[in-house]
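Asks: Got a structure for you, written out below as structure tokens; questions coming shortly.
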Amino acid sequence: MLPFPANEGAFMAGIRNLAELLAWSVVAYLLASNSGPIIVFGLSAVYGDPAAAPASVLQNLIYVSPVFPLVLGLLAVARLKIGNVNICASIGFSGKTLPRDMLVGAIAGIVSVGIAVTSLRIAAHYVDVPPMHLLPPPVHLYFMTIGALVPGVCEELFFRGMLMKVGSRLPRVAIIVLTAIAFSVWHIGTPAYLPHTFLLGLIFGILANASGRLAPSMVAHTIANAGMGLLLLSGFNIVGQ
């Protein structure tokens, strides 16, 4: 009988890591791609028939969008707890590192806004880009605050925190690329977002990998979201048409 290679255990562990990373990525995809039916199910549970919901509820459904990143965040916290991971230590907010993390995150966030705008302007030539600038100011204010912070924290916990942790035996470059792909696919509901969310996923992944904590990517992600909200609040038409 041929002996197994000495690194057979490490190889199989890497395969298991990859399988779990891909499985959680599929969970995120299914949640994102079924957000509409989930909302309809929720309305049916409350009102019996979605059409019976008050107009004020139907007109403000956009405000429930942070619920989906929140679900990802809760899943990430549960999985990390099962793995006995210290979540506070993984995030890394501390008086010693916070000023640097804030600065690096702010710069990366501003760069991310530029990348997003450029990507969406290019994408507008090929696919429909939602006219977000036409939404009322309260919506933009919401996405500059709660709608920026919740995804900024929860999505980073899931994609750069939990996914990078379960894929820890894979090569660093592979983990960064795979989590960026998963992050992009998470935005499958708006195809025009796929290119820039992949690029931003690479940036956030590099930040998390280089620093060894999530604080810089959380700051960058939150500022990127808030920056886009600020542009839209000012009436800026991203696609330039």
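Asks: Go over the candidates PHE159, PHE204, PHE143, PHE183 one by one and state the one that is over 17 Å from ILE91 (Cα atoms) and touching a Phe, Trp or Tyr at 6+ places or on another chain (Cβ under 9 Å).
Replies: PHE183
Asks: Mind checking whether some residue in segment 107-118 is at pLDDT 95 or above, of a type outside the set (Val, Ile, Thr) and more than 17 Å from the chain's Cα centre (by Cα)?
Replies: yes
Asks: Go through the residues of segment 172-185 one by one and say whether even a single one is touching a Pro at 6+ places or on another chain (Cβ under 9 Å), in contact (Cβ under 8 Å) with a residue 24 or more places away in the chain and buried (at least 19 other Cβ atoms within 10 Å of the Cβ).
Replies: Within segment 172-185, none of the residues are touching a Pro at 6+ places or on another chain (Cβ under 9 Å), in contact (Cβ under 8 Å) with a residue 24 or more places away in the chain and buried (at least 19 other Cβ atoms within 10 Å of the Cβ).
Asks: Separate question: Could you tell me whether any residue of segment 43-66 is closer than 20 Å to LEU200 by Cβ and either over 17 Å from the mean Cα position of the chain (by Cα) or in contact (Cβ under 8 Å) with a residue 60 or more places away in the chain (or both)?
Replies: yes
Asks: Check whether at least one residue in segment 180-193 is over 20 Å from GLY167 (Cβ atoms), in contact with a helix residue (DSSP H, G or I) (Cβ under 7 Å, 6 or more places away or on another chain) and of a type in the set (A, V, I, L, M), and report yes or no.
Replies: Among the residues of segment 180-193, at least one is over 20 Å from GLY167 (Cβ atoms), in contact with a helix residue (DSSP H, G or I) (Cβ under 7 Å, 6 or more places away or on another chain) and of a type in the set (A, V, I, L, M), which makes the answer yes.
Asks: Does segment 53-63 include one or more residues that are assigned to a loop (DSSP other than H, G, I, E, B) and of a type in the set (Ser, Thr, Tyr)?
Replies: no
Asks: Oh, and also: For segment 217-237, does any single residue satisfy the condition of being more than 18 Å from ALA32 (Cβ to Cβ), without any contact (Cβ under 8 Å) to a residue 12 or more places away in the chain and in a helix (DSSP H, G or I)?
Replies: Checked against the condition, which is being more than 18 Å from ALA32 (Cβ to Cβ), without any contact (Cβ under 8 Å) to a residue 12 or more places away in the chain and in a helix (DSSP H, G or I), segment 217-237 yields no hits at all.
Asks: Turning to a different aspect of this structure: Name the single residue, out of those in segment 227-238 being more than 12 Å from ALA116 (Cβ to Cβ) and of a type in the set (A, V, I, L, M), that is modelled with the highest pLDDT.
Replies: Of everything passing the filter in segment 227-238, LEU230 is modelled with the highest pLDDT.
Asks: While we're on this one: Just for segment 189-213: of the residues that are touching a Leu at 6+ places or on another chain (Cβ under 7 Å) and of a type in the set (A, V, I, L, M), which one is surrounded by the fewest Cβ atoms within 10 Å (Cβ to Cβ)?
Replies: Across segment 189-213, the extreme among qualifying residues is ALA192.
Asks: Counting only residues that are in a helix (DSSP H, G or I) and among the hydroxyl-bearing types (Ser, Thr, Tyr), which one in segment 167-205 is nearest to VAL85 (Cα to Cα)?
Replies: Out of the qualifying residues, it is THR179.
Asks: On to the next question. Please verify whether segment 94-103 includes one or more residues that are in contact (Cβ under 8 Å) with a residue 40 or more places away in the chain and within 19 Å of LEU178 (Cβ to Cβ).
Replies: No, that holds for no residue.
Asks: Residues to consider are VAL57, VAL71, VAL64, VAL46; find the one that is out of contact with any strand residue (DSSP E or B) (no Cβ under 8 Å at 6 or more places or on another chain) and at pLDDT 95 or above.
Replies: Of VAL57, VAL71, VAL64, VAL46, the one residue that is out of contact with any strand residue (DSSP E or B) (no Cβ under 8 Å at 6 or more places or on another chain) and at pLDDT 95 or above is VAL71.
Asks: Only one residue in LEU141, LEU157 is more than 17 Å from the chain's Cα centre (by Cα) and either under 24 Å from ARG16 (Cβ atoms) or touching a residue at least 40 places away in the same chain (Cβ under 8 Å) (or both), so which one is that?
Replies: Criteria check complete, one pass: LEU141.
The values are calculated or read from the model by the stated rules, or taken from the named source; none is laboratory data. These numbers were taken from a predicted model, which means no experiment stands behind them. Ideal geometry is used to build each Cβ from the backbone, glycine not excepted, and the neighbour counts take in all protein chains shown.
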